[in-house]
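For reference, the structure discussed in these notes is given below.
Readers should treat all values here as calculations from the given coordinates under stated rules, not as data from a laboratory. These numbers were taken from a predicted model, which means no experiment stands behind them. Backbone-built Cβ (ideal geometry, glycine too); neighbour counts: all protein chains shown.
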Amino acid sequence: MKRSIPFEIFRYAAILAALAVTLVPILWMVSMAFKPIAEWSATGADLTWWPKNPTLSNFQFVFGESTNSLIVALDRTALKPIVSSLLSAVFGTAIAMSAGTAAAYGLSRFGAGQNLQLALIQLRLFPPMAVMIPVMIMWAFLNFNDTWWGLALIYGIVTLPFAFWLMKTFFDDMPREIEEAALVEGCSRLRVFTRITLPMMRAPLASAALFVFILNWSDYLIALLLTTREWVTIPVYMASLSSSMTGQLYGAKAALGLIAAVPPVIMGIAIQRHLVRGLTFGALKQ
Amino acid sequence: MSAVTATIAEGEMDAALAKPTLRDEGARLGFRLTLPAQILVLFISAFPLLMQLYISVTDWSPLSGAGWWSAWEMWNSFANYTDLAADTRFWSALERTAIVMLVCVPAEFLLGLALATLFADDFPGKRIFYSILLMPMMVVPAVAGYMFFMLFQSGGPVNDILSRIIGTPVTIAWLSDPTLALIAVMIADIWQWTPLMFLILLAGLVGVPEDQMKAATLLGANAWQRFTTIVLPKMKTIIIIALAIRVIENFKIFDTLYIMTGGGPGVATETISVYIYKVTTQDLIWGYVAAIALAILIVLSIVAVYAMKRMAKVREVAA
């Protein structure tokens with residue numbers, strides 16, 4: 001439809017306003033991450049929107065290479081929390097994707113496990129806070145507290161609904177002729193699944209895995225409850241980066257926040273096409 | 001010739017599919033493929049729920065020295081549940097959660113819908129604007145919380161912008177004022193989740209058939225009439241799904257809020273998740289927490305069944 005010029009002007013003005021609101025918080029953190037300590041909490045006329053003396057010292061500080069002219073030295077660097085976030089999110093994604101994909105195929109092709117549909121929606125509905133008491137007790141019993149594998153297991157369960165529903169809609173959409181032809185050729189059904197279906201579904205599998213990874217990587221609450229010291233993840237470590245002596249370590253936290261924020265934003269843009277499907281449990285496709 | 005081959009092939013296929021061995025193989029494989037997911041679901045639901053139910057009728061706490069299995073020695077004859085009914089901090093946290101939801105979800109919906117209508121047709125720069133506008137929802141919520149924590153410092157950029165507009169220095173202590181802290185927390189939530197509404201509503205808006213819109217235009221309907229009589233009815237289910245998702249997720253609100261205010265000042269921004277978190281980690285009365293959690297789970301289960309039916313209906317329509 002042809003639009004009038006006033007409308008186009010209004011549209012660009014509105015979109016630019018939305019872009020500004022969207023970007024200011026992000027850019028403020030990016031700017032803070034490169035500010036030297038003197039500019040961290042400068043206020044009033046000294047408030048700097050963009051670092052006057054850009055520096056990498058905040059990044060060096062969180063990795064323990066510089067004390068950033070602070071009195072405190074970190075008792076540990078950001079390295080291990082990053083490793084912890086990576087390990088728990090990657091293995092959590094692996095658990096969710098393997099259990100979810102297998103179950104989705106079983107339901108999509110053989111009608112097995114009908115109960116999983118409702119059970120997994122319910123699993124997503126509950127606030128994690130409301131089921132964490134038994135989980136904390138069980139994890140303590142299994143000696144899983146404060147370990148990356150304990151986190152990976154709970155992440156795998158928490159994101160299983162997304163893996164399952166995403167893969168189920170992908171399998172439902174997939175034409176079955178090729179599978180049927182292979183069956184006629186004498187392939188067993190398991191072989192059809194592993195040798196024909198899965199390789200064909202490589203792209204959807206990758207999108208679903210990225211989606212699930214973003215969710216796992218974004219967790220704060222579960223890690224806050226299940227890790228205490230050894231294997232805290234980036235958000236938990238970041239929140240602990242302040243001391244009564246020095247107050248908020250703005251720049252250091254912003255540097256860490258930037259490190260945490262970049263991977264999911266890139267991945268999210270990469271799988272933009274499937275976001276709607278993922279977020280609505282496959283109820284909507286784009 | 002080719003037609004004949006095809007017929008034979010089809011016949012073979014029917015025979016192959018009908019062969020009882022194959023069908024049994026399918027049923028067995030289906031069972032085995034769903035087994036890991038079933039075990040995980042059982043592992044996180046059946047046993048934990050029973051444990052939660054058991055602990056919820058006792059005074060057990062991790063500090064009590066005894067293992068959770070011997071909690072029956074601390075049986076308190078449903079005192080946790082009667083305490084809950086009289087717990088003003090719990091009810092005010094619930095009320096606050098409702099207020100946050102009633103402000104944030106409609107705001108996100110309206111802003112998302114407005115943005116989606118602007119993006120309904122093509123224009124130069126659409127793709128790049130779209131990608132940028134989606135960014136907030138991909139930012140780790142805890143990091144978003146930290147962003148807004150910085151923005152709302154009394155010497156921070158929000159006050160800086162305000163003082164430039166007004167012309168006099170503004171030094172509002174956003175996060176230490178009970179009302180302003182709640183507003184700041186809600187702004188952060190709206191910033192992060194309007195993109196989700198935008199994304200879903202735009203997907204629905206694009207699905208509205210163009211020819212109907214054109215026909216309506218020819219019949220003399222103006223933009224507003226087209227919107228209310230064609231677009232909204234077509235998008236009804238999508239709107240319900242989008243609202244349902246945000247209501248569910250907003251009810252759980254924790255990460256951004258807790259990083260920004262820790263539930264404070266006082267209990268001014270203490271939502272239900274923050275309240276449970278504090279009782280769990282500071283007061284350590286886990287028997288009581290179990291009772292709160294179970295009460296919430298029961299209410300939400302009823303909602304889940306309803307939402308599920310709705311979703312199933314949508315899928316039928318879509319299919």
Check your understanding: To the nearest 0.05, how large is the calculated FRET efficiency for residue A:177 and residue B:88 if R₀ is 41 Å and r is the Cβ-Cβ distance?
Key -> 0.05
Practice item. Using the number of other C-beta atoms within 10 angstrom as an exposure proxy, rank A:242, A:4, B:64, A:218 with the fewest first. Key: A:4, A:242, B:64, A:218
Point to revise | Only Lys, Arg (+1) and Asp, Glu (-1) charged, at Cβ; the range B:87-284 dipole about Cα centre in debye | key: 360 debye
Practice item. Mind checking which of B:220, B:263, A:150 is farthest towards the positive end of the protein assembly as shown's charge dipole, using Cβ charges of +1 (Lys, Arg) and -1 (Asp, Glu) about the Cα centre? Key: B:220
Revision key, fill the gap. Most fluctuating of B:78, B:31, B:90 in the GNM of chain B (C-alpha, under 10 Å) is B:31
**Study point:** Structure-based [θ]222 nm, the protein assembly as shown - -39500 (n - 2.57) summed over DSSP H runs of at least 4, per residue, nearest 500
**Key:** -22000 deg cm²/dmol
Review point. Under 5 Å between amide H atoms, partner at least 5 residues away or on a different chain: which partners does residue B:58 have, H built in plane at 1.01 Å?
Key: B:76
Check your understanding: When B:161, A:15, B:166 are ordered from fewest to most other Cβ atoms inside 10 Å of their Cβ, what list results?
Key -> B:166, B:161, A:15
Exercise for review: Can you bin the protein assembly as shown into rounded, prolate or oblate? Criterion: square roots of the alpha carbon gyration tensor eigenvalues sorted a ≥ b ≥ c, rounded for a/c under 1.5, prolate for a/b above b/c, oblate for the rest.
Suggested key: oblate
Point to revise | Most mobile of B:98, B:268, B:114 in a GNM of chain B (Cα contacts under 10 Å) | key: B:114
Review point. Within chain B, how many lysine pairs that are 8 or more places apart, or on different chains, have C-alpha atoms less than 18 Å apart?
Key: 5
Review point. Using Cα pairs under 8 angstrom and six or more residues apart, how large is the relative contact order of the range A:53-172, in percent?
Key: 39 percent
Practice item. Name all residues of the range B:248-279 having a backbone nitrogen under 16 Å from the label point set 7 Å from the Cα of residue B:179 along its Cα→Cβ direction, giving them as ranges. Key: B:265, B:268-269
Study note, to complete from the structure: Neighbour-count ranking for B:164, A:195, A:277, A:124 (other C-beta within 10 angstrom, fewest to most) reads B:164, A:195, A:124, A:277
Exercise for review: With everything on Cα atoms, drop me the angle between helix A:160-173 and the longest principal axis of chain A, reported from 0 to 90° to the nearest 10.
Suggested key: 50 degrees
Check your understanding: Rounded, prolate or oblate: which fits chain B when a ≥ b ≥ c are the square roots of the eigenvalues of the alpha-carbon gyration tensor, with rounded for a/c under 1.5 and prolate only if a/b beats b/c?
Key -> oblate
Check your understanding: Which of the listed residues, B:188, B:129, B:275, is farthest toward the dipole's positive end in the range B:87-284, when Lys, Arg count +1 and Asp, Glu count -1 at the beta-carbon?
Key -> B:129
Exercise for review: Report the FRET efficiency, 1/(1 + (r/R0)^6), for residue A:23 and residue B:74, where r is their Cβ-Cβ distance and R0 is 41 Å, rounded to 0.05.
Suggested key: 0.15
Study note, to complete from the structure: For the protein assembly as shown, the dipole about the Cα centre with charges only on Cβ (Lys and Arg +1, Asp and Glu -1), to the nearest 20 debye, works out at 1080 debye
Review point. Are there GluC sites (Glu not before Pro) in the range A:160-235 that DSSP puts in a loop and that have at most 16 other Cβ atoms within 10 Å, and which ones?
Key: A:185, A:230
Check your understanding: In percent, what relative contact order does the range A:5-54 have, based on Cα pairs under 8 Å that are 6 or more apart in sequence?
Key -> 30 percent
Review point. R0 = 30 Å: FRET efficiency of residue B:223 with residue A:285, Cβ-based, nearest 0.05?
Key: 0.65
Review point. Relative to the longest principal Cα axis of chain A, at what angle does helix A:79-110 sit, 0 to 90 degrees, rounded to 10?
Key: 20 degrees
Revision key, fill the gap. Checked chain A against the a/c 1.5 cut and the a/b vs b/c comparison, axes a ≥ b ≥ c from its Cα gyration tensor; verdict oblate
